[in-house]
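Structure first, commentary second.
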Amino acid sequence: MNDKSDSNPGDIEHIRDDIDRIDADILKLLAERKAHSLRIAKEKGIHDRPSRDQSREEGLISDRIAAGMEHDLDSGLVNRVWREIVNDSVRIQQEYLGRAERPRQTMTVAIQGIEGSYSQLASQQFFDHKGMSVNYLRAPTFAAAIAAVQRQDADVAVLPIENTTSGAISEVYDLLLESRLDFVGDVRFRIRHCLLGIEGASISELRRIYCHPQAVAQCSEFLAQLDHCEIVYFSDTALSGQKIRELGDPTIAAIASEEAARLFGLDVLKTGIANRDENFTRFVVVAAEPAEVPEGVAAKTSIVMAVGNHPGALMEALAVFHDADINLVMLESRPIPNNPREELFYLDFDGKISEPAVQAVLETLMRQVRFLRVLGSYPSSDLRPRPIERKMTKVKPQGRSALTDLSPTPASPKGYKLGSRGHKEQNTVVEVAGVKIGGDDLVVIAGPCAVESWDQVMTAAKAVKESGGSILRGGCFKPRTSPYSFQGLAYEGLEMLVEAGKAYGLPVVTEVVSPEDVEGVARKADILQIGTRNMQNFSLLSAAGRAHRPVMLKRGMSSSLDELLQAAEYILSEGNQQVFLCERGIRTFETSTRNTLDLSAVPVLRQRTHLPIIVDPSHAAGDRDLVAPLALAAQAIGAHGIMVEIHPDPDNALSDGPQSLRLDQFQDLMLALGFGG
Ligand code: PEP
Ligand code: MN
């Protein structure tokens with residue numbers, strides 16, 4: 001586009017003049033609107049009408065959002081602006097009428113679905129009960145409703161999570177875990193499905209029924225009797241009602257609520273069509289900030305965890321609740337996509353995180369599970385208030401942390417807690433595909449610095465397997481000191497690495513360098529590596545803490561051991577407990593080696609942390625002839641593993657050739673370490 005030729009600097013001034021004029025018009029219109037609000041207040045005063053009409057306010061804002069969309073205006077913007085305008089108008093009227101009652105708190109609630117949807121009906125039930133009024137932000141999908149809360153266009157989202165007949169709504173579970181929003185409430189809403197038709201419709205004449213897949217599952221017995229009808233799936237129950245209204249065909253029906261029938265002027269052909277009379281859907285209310293549960297109010301807490309994969313691991317985790325006499329109210333399991341070894345368990349239990357007993361349970365669980373995150377504590381909607389026999393302490397609600405009190409206790413003054421020996425006496429064993437890092441046996445991780453080609457990585461994998469190594473390494477995203485150096489083959493390289501690992505039965509580790517790539521890399525790699533240059537990339541650490549893969553954290557080249565442990569804490573505090581550390585040499589005044597291998601890190605870390613510690617002599621030495629003696633020293637000093645770089649043709653390697661062992665050297669090293677022979 002080249003419109004420079006026909007524009008000149010004076011044009012901007014003209015455009016600004018136009019904008020000034022538009023703003024002046026907006027102000028004039030706002031003043032005019034205010035005058036009208038006052039006229040209404042006078043009318044209300046004369047006829048003694050109430051100062052507020054909540055449903056008109058709600059309807060008005062919804063209409064403005066819809067009208068704004070036609071002008072391509074963002075729904076969040078229109079919602080915020082008109083909420084302010086309407087609140088101001090209410091205030092003006094109440095002042096005039098001298099009835100300045102405290103305005104009801106207004107919430108903006110994001111829901112998936114249109115007016116008359118079960119999400120809206122459930123939200124009404126929830127907020128009416130609390131005496132709050134509500135504006136709805138109607139999102140086309142669950143993900144869009146969640147995004148509205150993340151962008152702060154809505155205060156909360158209300159999302160269906162499980163149904164008594166059709167079970168868990170897995171899409172919502174998965175989205176919520178990813179979102180990091182906090183659970184601040186829940187509501188059990190009775191679903192009363194009805195068969196709706198237009199005026200003149202009769203069941204025997206029906207040919208087609210529009211309905212949501214969940215409604216089909218919940219009304220399957222009734223629908224089986226209507227085998228003369230075609231079932232057409234629809235994304236939204238209320239929308240299906242709207243659709244048949246538009247079609248105006250008496251042979252077409254929809255399944256939705258009675259409220260939807262009223263809203264769209266439809267006839268209810270039959271009520272109570274669900275398989276079970278008791279058909280409830282549980283909706284969760286989620287927000288960007290955790291809820292503060294007032295003292296004395298019965299509360300429920302939701303968590304998500306992954307337990308170890310030894311027999312009885314789930315039972316051991318549940319026993320922690322049993323031993324603390326804490327009542328579990330819900331347990332739901334969900335697989336993790338592309339990670340068949342892990343299963344996530346969602347649990348709801350009676351109590352809130354500020355209770356010492358609950359804190360104690362969470363701390364105990366943290367020591368034995370692979371992943372744990374608190375989704376939130378909130379007033380319980382379906383539990384009878386119980387006597388609060390436990391001593392309550394008032395604790396400020398904490399953000400998204402896995403535990404409530406992550407600030408270091410006097411016993412751990414160094415800025416880390418979950419990684420400390422004080423928190424967990426026993427060594428953590430990180431387990432991946434049967435390989436135990438942190439157990440009694442030395443684990444050897446080996447492979448090329450960077451994945452360069454199919455042949456290269458396959459040849460290296462074969463050498464690792466045949467020499468007795470346990471894990472294949474290979475960089476795909478390379479954090480090179482110079483931007484002109486080879487940066488890695490990215491996801492294409494990852495495919496090669498994973499295939500080579502599969503071919504030789506070796507789990508793989510690869511480095512991830514940006515938070516956005518954590519999910520994509522975790523889908524394929526068995527272990528995520530965070531490299532030296534990223535040890536204090538806190539958003540990357542947090543993202544890895546939310547992943548369901550073990551993380552190998554390398555020490556920063558100018559970082560102290562306490563800083564390394566504080567960095568590990570970022571991962572642990574997000575939920576992921578499968579972390580191991582790697583000493584890879586630090587910068588000193590000594591120039592004979594690339595870095596100086598700090599072997600004392602091993603015994604020091606073993607004192608301070610329960611996390612496994614491995615040693616990377618390759619990056620420390622920078623010279624392949626020094627790798628073997630340093631590796632043997634690491635074994636002698638008690639490292640849980642070593643990681644070395646190997647290459648079938650190191651002289652032609654695209655990165656770190658000088659420090660990469662030839663395959664014959666690697667084999668000799670393995671013999672010296674006590675493998676094979
Ligand atoms: C690596 O392991 O390939 C690597 C880049 O190491 P470091 O982060 O220790 O430099
Ligand atoms: Mn390297």
*Would you mention how many residues in the stretch 468-506 are within 13 Å of ligand 1 (Cβ to nearest atom), under 14 Å from residue 456 (Cα atoms) and surrounded by fewer than 21 Cβ atoms within 10 Å (Cβ to Cβ)?*
0
*Tell me, which strands (runs of 3 or more DSSP E) lie completely within the stretch 407-482 with 2 or more residues that are within 27 Å of residue 663 (Cβ to Cβ), within 16 Å of ligand 2 (Cβ to nearest atom) and at pLDDT 95 or above?*
443-447, 471-473
*Can you find even one residue in the stretch 451-466 that is in contact with a strand residue (DSSP E or B) (Cβ under 8 Å, 6 or more places away or on another chain), touching a residue at least 40 places away in the same chain (Cβ under 8 Å) and within 13 Å of ligand 1 (Cβ to nearest atom)?*
yes
*What number of residues within the stretch 450-471 satisfy the criterion of being in contact with a Ser or Thr (Cβ under 9 Å, 6 or more places away or on another chain) and under 21 Å from residue 550 (Cβ atoms)?*
2
*asked:* Just to check your reading of the model, which residue among 192, 188 is more than 22 Å from the chain's Cα centre (by Cα) and assigned to a loop (DSSP other than H, G, I, E, B)?
replied: 192
*Filter pass, residue 59 being in a helix (DSSP H, G or I), modelled with pLDDT under 85 and open to solvent by less than 60 Å² (accessible area, probe 1.4 Å)*: no
*From 167, 131, grab the single residue that is outside the structural domain of residue 237 (by TED's automatic domain parsing), more than 29 Å from residue 81 (Cβ to Cβ), open to solvent by 10 Å² or more (accessible area, probe 1.4 Å) and free of Cβ contacts under 8 Å to residues at least 60 places away in the same chain.*
167
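Rundown of residues vs (1) touching a Cys at 6+ places or on another chain (Cβ under 9 Å); (2) within 15 Å of ligand 1 (Cβ to nearest atom); (3) open to solvent by 10 Å² or more (accessible area, probe 1.4 Å), yes/no style:
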site: 579; (1), (2), (3): no, no, no
site: 588; (1), (2), (3): no, no, yes
site: 611; (1), (2), (3): no, no, no
site: 627; (1), (2), (3): no, yes, no
site: 633; (1), (2), (3): no, no, yes
_Return the residues of the stretch 597-609 that are within 14 Å of ligand 1 (Cβ to nearest atom) and out of contact with any strand residue (DSSP E or B) (no Cβ under 6 Å at 6 or more places or on another chain); say none if nothing qualifies._
597
*Within the stretch 118-128, track down each residue that is free of Cβ contacts under 8 Å to residues at least 40 places away in the same chain and either open to solvent by 20 Å² or more (accessible area, probe 1.4 Å) or hydroxyl-bearing (Ser, Thr, Tyr) (or both).*
124, 128
*asked:* Restricting to the stretch 111-147, give me the number of residues that are farther than 23 Å from residue 77 by Cα and among the small types (Gly, Ala, Ser).
replied: 4
_If I ask for residues that are open to solvent by 60 Å² or more (accessible area, probe 1.4 Å) and in a strand (DSSP E or B), which ones from the stretch 332-351 would you list?_
335, 340, 341, 343
_Condition first: of a type in the set (A, V, I, L, M), buried (at least 20 other Cβ atoms within 10 Å of the Cβ) and assigned to a helix (DSSP H, G or I). Can you find one or more residues in the stretch 523-537 that meet it?_
no
*Which ones in the stretch 213-243 are at pLDDT 90 or above, under 40 Å from the mean Cα position of the chain (by Cα) and in a loop (DSSP other than H, G, I, E, B)?*
219
*Among the candidates 613, 571, single out the residue that is touching a Gly at 6+ places or on another chain (Cβ under 8 Å), without any contact (Cβ under 8 Å) to a residue 60 or more places away in the chain and closer than 30 Å to residue 303 by Cβ.*
571
*Go through the stretch 71-91 and give me each residue that's open to solvent by 30 Å² or more (accessible area, probe 1.4 Å), modelled with pLDDT under 90, part of a helix (DSSP H, G or I) and farther than 15 Å from residue 110 by Cα.*
84, 87, 88, 91
_The one condition in (1) in a strand (DSSP E or B); (2) more than 25 Å from residue 176 (Cα to Cα) that residue 329 fails to fulfil_ = (2)
*Could you please find all residues in the stretch 436-456 being touching a Leu at 6+ places or on another chain (Cβ under 6 Å) and among the hydrophobic types (A, V, I, L, M, F, W, C)?*
450, 451
*In the set 651, 623, 668, 664, which member is at pLDDT 95 or above and within 15 Å of ligand 2 (Cβ to nearest atom)?*
623
*Residue identified as of a type in the set (D, E, K, R) and in contact with a strand residue (DSSP E or B) (Cβ under 6 Å, 6 or more places away or on another chain) among 519, 511*: 511
_I want to confirm something. Restricting to the stretch 538-563 and keeping residues that are over 24 Å from residue 338 (Cα atoms) and either in a loop (DSSP other than H, G, I, E, B) or among the polar types (S, T, N, Q) (or both), which single residue is most open to solvent (accessible area, probe 1.4 Å)?_
558
*Can you name the strands (runs of 3 or more DSSP E) wholly within the stretch 244-320 that have at least 1 residues being surrounded by 23 or more Cβ atoms within 10 Å (Cβ to Cβ)?*
252-256, 280-287, 299-306
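The values are calculated or read from the model by the stated rules, or taken from the named source; none is laboratory data. Not measured: the values here are computed from a predicted model. Glycine gets a Cβ as well: all are built from the backbone with ideal geometry, and neighbour counts include every protein chain shown. With ligands, DNA and RNA removed, areas are computed over all heavy atoms of the protein, side chains included. Shrake-Rupley method; radii C 1.70, N 1.55, O 1.52, S 1.80 Å.
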